[in-house]
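Colleague: Here you go, one structure.
Computed from the coordinates by the stated procedures, all read-outs in this text should not be read as laboratory data. This one's a predicted model, so the numbers in the text were calculated from it and none came from an experiment. Don't worry about glycine lacking a Cβ; one is built from the backbone with ideal geometry, like all the others, and counts go over all protein chains shown.
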Amino acid sequence: MLKRAAVVIALTAAVLPGRQVHAQEPPSAGTILAKSQQAFFYAGSDMKARVLMTLTSASGQKRVRELTMLRRNEARGGEQKYFMYFHQPADVKGMTFLVVKYARKDDDRWLFVPAINMVKRLAARDASQSFVGSDFTYEDVSGRDLEADGHTLLREERVGSRDCYVIESIARSPAQYKRKLAWIDRNSFLPIKEEYFDAKDELFKTFSADEVAEVGGVPTVTKRTMVNQKTGHTTTVVFTDVAYGLGIDADIFSERYLREPPRKWVQ
């Protein structure tokens, strides 16, 4: 009798107005990507890391670039600064790269090439060009304005042990890709996998977050890979000695330090 009563109550609750149970709606694509950018590009008030970048050709030939990356978040909504100093190999040793990233306008980028003792300001159109010969673009390094693309949440999907949102982004402003698919971890909001499609809608580049570690309680992608699916060229980037909240001086993110890098921070 008790069992039957429980069934009747359950059925009644299901049809009475105001008692329907709805599954929780997922956040919008824009909300997910905003959280993803925050987790991937803005973790901590600032960041320092040693970066080992390995470029591998389709035939297996390797080139290695080693650099120190410094990042500082500014108080003004989304503004951010990057400073990179190259330690090796010899042909790029002493080269520096500075980025000032803005929320809703083109970023400023400067590159100092010691071999010719010249500071070059990069044009906005260079954002989709290769970063020091790698499969990552300048834009991949510091991030792309979310409003430059239109975004749609397609589905939820499992990648390995991670539950992910799958989001399609269609380029509105000039980019290396026509559209992109991104798998965003539902817990950490870090990008786990990305697929880039060209003007013919053919897959030409893939990104993977190969290793994720907790650094001071912050989930951090410590190894990432970009593969050019058409040429077979691969770039693997490993972050070591990652640290957040160091109080990096604001004034080093300026043109004057391109020629004279702050030894305190880049040694």
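Colleague: So for each of 129-136, 179-186 I average, over its residues, the number of other beta carbons within 10 Å; can you give me the resulting order with the highest mean first?
Modeller: On the way: 129-136: 18.1, 179-186: 20.1.
By packing density, highest mean first, the sequence is 179-186, 129-136.
Colleague: Taking the beta-carbon count within 10 Å as an exposure proxy, list Leu33, Leu122, Leu246 from fewest neighbours to most. Mind showing how you got there, number by number?
Modeller: Values: Leu33 22, Leu122 17, Leu246 14.
Exposure proxy ranking, most exposed first: Leu246, Leu122, Leu33.
Colleague: Under a straight-distance cross-link criterion of Cα-Cα below 19 Å, which lysines are reachable from Lys264, leaving out those fewer than 8 residues away in the same chain?
Modeller: Lys48, Lys81, Lys93
Colleague: Need one number: nm distance between label points at Val119 and Lys93, each 7 Å from Cα along Cα→Cβ, rounded to one decimal.
Modeller: The modelled label-to-label distance comes out at 2.4 nm.
Colleague: Take the chain, connect every pair of alpha-carbon atoms lying under 10 Å apart with a spring to form a Gaussian network, then pick out the residue of Lys178, Lys120, Lys35 with the largest mean-square fluctuation.
Modeller: Taking springs between Cα atoms under 10 Å, the residue moving most is Lys120.
Colleague: Go ahead and estimate [θ] at 222 nm for the chain from helices alone: -39,500 (n - 2.57) per DSSP H run with n ≥ 4, summed, over the residue count, rounded to 500.
Modeller: Details: 5 runs with 40 residues, N = 267.
One gets -4000 deg cm²/dmol as the mean residue ellipticity at 222 nm.
Colleague: Report the full-extension gain for the segment Asp106 to Arg259: residue separation times 0.36 nm, less the Cα-Cα distance, to one decimal in nm. Working shown, then result.
Modeller: On the way: separation 153, 0.36 × 153 = 55.08 nm, distance 2.38 nm.
That works out to 52.7 nm of additional length.
Colleague: Where is the GNM fluctuation largest for the chain (alpha-carbon springs, 10 angstrom cutoff): Ser169, Ser128, Ser59?
Modeller: Judging by the Gaussian network model, the answer is Ser59.
Colleague: Given the options Ser45, Leu70, Val166, identify the residue whose Cα lies farthest towards the positive end of the charge dipole of the chain (+1 on Cβ of Lys, Arg; -1 on Cβ of Asp, Glu).
Modeller: The residue sitting most towards the positive pole is Val166.
Colleague: GNM on the chain, C-alpha springs below 10 Å: top fluctuator among Asn117, Asn228, Asn73?
Modeller: So, out of Asn117, Asn228, Asn73, the one fluctuating most is Asn117.
Colleague: Between Lys178 and Glu74, how high is the FRET efficiency from 1/(1 + (r/R0)^6) when r is the Cβ-Cβ distance and R₀ = 25 Å? Nearest 0.05. Walk me through the numbers on the way to the answer.
Modeller: Numbers: r = 32 Å, r/R0 = 1.29.
E(calc), rounded to 0.05, equals 0.20.
Colleague: Give the residues of the stretch 168-188 whose amide nitrogen is closer than 15 Å to a point set 7 Å from the Cα of Leu154 in the direction of its Cβ.
Modeller: Answer for this model: 168-171, 178-185.
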